[in-house]
Each structure stands twice: as structure tokens, then as C-alpha cells.
Amino acid sequence: MKKLIAISLSLILALVLVCAASAETVQAKPVEIDPSNLEGRMVRTDIEYKEGDKMQLTLYVPERFDAAAIQAVQPGDVIVTDGEEIKIETVDTDGPDFVFNKCTENEMLFCDAGHDEFEHCMDNDYVPWIKLTTLELEQLEYYPIIDNVDPISGDILEDPVIYRGDRLMELLKNPDAVSFSVKNVDVVYDRNNMPVLMIRYYSPAQ
């Protein structure tokens, strides 16, 4: 009997070790953008006023996961997203999308983002972002800003307004103006990593 118990325990331990060894950790794909060379790229950018009429631009890229890695996730695996490690208990499909840990506090929806990639879709269509770099710039007066947001109320504008960098600085300095740092501003950069065009979209998070 003791020998049988010992054999059973050994088999259980072996099974546990095999399961543990087969578990995978899935992480977001490495960022492919070179932050020292942003020429011609449109990058999501948070903008804040700094003393001395300077702007701090913080650049972000959305988390993206390899489609094959998400499609292969099994219970017991771990997904690292939005700075957290989430152990996967269940896997469900919703059309092309995947729902992990359905009906639990760790439920996650991974949506097909095209280009053989998935993204983690969170509340209010929020997607986790990866910080790319931070730039600090002097006031620039000449580049255009296309603004789809009322600068005071935060409401969407039926017709976007266009202004220049000097007006942007006025808005950044105004404590009553709507923030430019809620992941709803895209900036196109030149070869010197300087803005040449800025577009702000309506966001209910404003």
C-alpha cells in the first residue's frame, strides 16, 4: 500500500511539473518605432505645459500582441498586459476575438486589431499604452493643430477648428482648458523629431 501511495504521489508530482513546464507567458510585441527617428510618423502624444513656455510631449504606442500567441493561449498560461501578470483560467471565443477568464474580476477581451495582431480592449475602449519617449520643446508657432474638441467644454465639434502652435500654448497654460493628455492627440514628426501637424480627437475621457 505504501509503495502504491508513493507511486501515485510521484505520478501526481510529475503531472504537476509537466503542466507547470508547459505553461506559457505571453507578452506584448516589442516596440518597433525608433524614438530617435520619428520622421513622417504619426504618434499618439500627451502634451503638458512646462514652466518657461515649454511643452512636454510624452509619446506612446498601443500594446499589440502577436495573433498566433493569443490564439494559442491555454488555461494555466499567463498574459502580461497593462503592467500586470494575469493567469488564464478559461478561454472563450467571440467571433474573431478572445475572452479570457470570462465572468471573473480578471476577465479580459482581446480584439482582432488586424495585421496579425490583437489588442487588449478595456473599459471605454481603452487600450493599454507603452511609453515610447518624452520630448521637451520650446514653443513652436508655425505648425497647424486640427482640433475636434471644444477647448473649454470638451464637447465634440461639428466642424474642427484649425489654429497654430502659439494658440496651443495659450490653451496649455489655461487651467480651465480641456486637457491634451488623455491619449487622444496624434502628432506627425519631422526628421528632427519636431511636430509638423497635430490632430486632437474627441474623447469621452476628457
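The values are calculated or read from the model by the stated rules, or taken from the named source; none is laboratory data. None of these values were measured; they are calculated from a predicted model. Backbone-built Cβ (ideal geometry, glycine too); neighbour counts: all protein chains shown. Only protein heavy atoms, including side chains, enter the accessible area calculation; ligands, DNA and RNA are left aside. Shrake-Rupley method; radii C 1.70, N 1.55, O 1.52, S 1.80 Å.
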inquiry  = For a distance above 20 Å, tell me the whole-number percent of Cα pairs in the chain that qualify.
reply    = 66 percent
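In region 116-206, what trypsin sites (Lys or Arg not before Pro) fall in a loop by DSSP, with at most 12 other Cβ atoms inside 10 Å? Walk me through the numbers on the way to the answer.
Numbers: sites: Lys131, Arg164, Arg167, Lys173, Lys183, Arg191, Arg200; in loops: Lys183, Arg191.
Hits after loop and neighbour filter: Arg191.
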remark   = Per residue, accessible area of region 104-206 with a 1.4 Å probe, heavy atoms of protein chains only, in Å², comes to 56 Å²
remark   = Residue separation between Ala72 and Asp166 times 0.36 nm, minus their alpha-carbon distance, gives in nm 28.8 nm
task = For the pairs Lys102/Lys183; Lys29/Lys54; Lys29/Lys50; Lys54/Lys183, note any where the Cα-Cα span goes beyond 30 Å.
result = Lys29/Lys54; Lys29/Lys50
inquiry  = Please report the carbon-and-sulfur percent of the accessible area for the chain; probe 1.4 Å, protein heavy atoms only, DNA, RNA and ligands left out.
reply    = 51 percent
Only Lys, Arg (+1) and Asp, Glu (-1) charged, at Cβ; the chain dipole about Cα centre in debye = 900 debye
Whether region 121-166 is rounded, prolate or oblate, judged on the alpha carbon gyration tensor where a/c under 1.5 counts as rounded = oblate
